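Reviewing the structure listed below.
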């Protein structure tokens, strides 16, 4: 949470104001001295524009691009066979990109 807040250039007090609490309480959340309710965690994720998974440490990926999140949600709705096809194309593209970068060095 602290990482996302700092990347936003936001002080604890600013985040606290957005979520309806105080700066010291935000500090306790960041220090893992206190856990926010689901309602407050949702407000924090919205204020910092991060996923709840990122906020609770289930994902190290900080995705700020809303269209990227929408795409990921759409992919999750695809049947498993279509997901596999898409991932195969993505893997090939990423492999080719990495290879081209390696040869440019």
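Coordinate-derived values only; no laboratory data. For clarity, every value in this text was computed on a predicted model and none was experimentally measured. All Cβ positions, glycine included, derive from the backbone under ideal geometry; neighbour counts span all protein chains shown.
Observations
- Within the range 37-49, being touching a helix residue (DSSP H, G or I) at 6+ places or on another chain (Cβ under 6 Å) and without any contact (Cβ under 8 Å) to a residue 12 or more places away in the chain holds for one residue alone: 45.
- Residues of the range 1-51 classified as within 17 Å of the chain's Cα centre (by Cα) and in a helix (DSSP H, G or I), total: 18
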